[in-house]
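Following: one structure in structure tokens, then a few remarks.
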Amino acid sequence: MDKLEKYSQMDQAALRLDALIQVEADRLPSVGGAESGKQAASPGSDVFFTTSVLGMNAISHVIEDQAVTMGQAVRFYASFQKFSRVQPQQARYRQLLAAHIPVYLFGIADVPLWEDPYLKPMTLIGPTQPDQPSLTKNWFVVLNNPQFVSMALVSRELPNPTKPLHAPDKLLYRNFEGFWTYDKAVIGQVVDILDDYIKGLDV
């Protein structure tokens, strides 16, 4: 049996994203440490990074701001792993939706999202085993406009063996590795993975 065939559709999407992250880790220059979010969030060359939630937010904001500037000619995909983690960013996402940008928002439905015709919730289910691949372990923000500028942040959360059992969802326990890219070919691969998952939900 092919490796992908053993897993659910969501898990297959996670395996494909994680495989792409590994490819980019081998290809791109790497930044890390306390300054990684600041460096990666500066528009320019593609990079591979390891960073905290604060760094992830900095990079995400660059992509979100660019999408608002571009307006409705884009498709936008985002996952904060859980819908509750979108709440502090709700004003930013309302700006995107006000520009009539379709936003495909992925996450565990631990809180309800607000209603908007351009908001497309993609509800995820958490893994039943710690080593199970799952999109709930990925944080991504993707602006797709092949005719103009596309950009993407794609990452996976790193395991934290020092995190106490049942610890609160605090920033200090969460770090990510992934890539920030303008490469349309790579972004096309990410979009294909996410669109395949979305299409599978409609079957």
### Residues within segment 12-52 that are modelled with pLDDT under 90, open to solvent by less than 70 Å² (accessible area, probe 1.4 Å), assigned to a helix (DSSP H, G or I) and more than 17 Å from ASP183 (Cβ to Cβ), tallied
2
### Task
Take segment 173-194 and flag every residue that is open to solvent by 30 Å² or more (accessible area, probe 1.4 Å), part of a helix (DSSP H, G or I) and not basic (Lys, Arg).
TYR173, ALA185, GLN189, ASP192
### Task
Scan segment 116-164 for residues that are open to solvent by less than 40 Å² (accessible area, probe 1.4 Å) and under 19 Å from PHE83 (Cβ atoms) and report the count.
14
### Query
When both residues are 6+ apart or on different chains and their Cβ atoms are under 6 Å apart, which pairs have a first residue that lies in segment 179-203 and is closer than 17 Å to ASP26 by Cα, and a second that is at pLDDT below 95 and assigned to a helix (DSSP H, G or I)?
TRP180/ALA40; TRP180/ILE59
### Task
Being modelled with pLDDT of 95 or more and acidic (Asp, Glu) narrows it down to one of ASP169, ASP195, ASP202, so name that one.
ASP195
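For the structure I just gave you, tell me whether SER134 is touching a helix residue (DSSP H, G or I) at 6+ places or on another chain (Cβ under 7 Å) and under 22 Å from ALA13 (Cβ atoms).
yes
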### Query
Using beta carbons and a limit of 6 Å, which pairs, at least six apart or on different chains, have the first residue in segment 126-149 and within 14 Å of ARG75 (Cα to Cα) and of a type in the set (S, T, N, Q) and the second one in a strand (DSSP E or B) and open to solvent by 60 Å² or more (accessible area, probe 1.4 Å)?
ASN144/ARG75
### Query
In segment 63-115, which residues are open to solvent by 40 Å² or more (accessible area, probe 1.4 Å) and under 17 Å from the mean Cα position of the chain (by Cα)?
ASP65, GLN66, ARG75, LYS82, ARG85, GLN87, PRO88, GLN90, ARG92, ILE108, ALA109
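The values are calculated or read from the model by the stated rules, or taken from the named source; none is laboratory data. Predicted model only: the values in this text are computed from it and were never measured. A quick note on method: Cβ atoms are made from the backbone with ideal geometry, for glycine too, and the neighbour counts reach across all protein chains shown. Accessible surface is based on the protein model in full, side chains and every heavy atom, while ligands, DNA and RNA are left aside. Shrake-Rupley method; radii C 1.70, N 1.55, O 1.52, S 1.80 Å.
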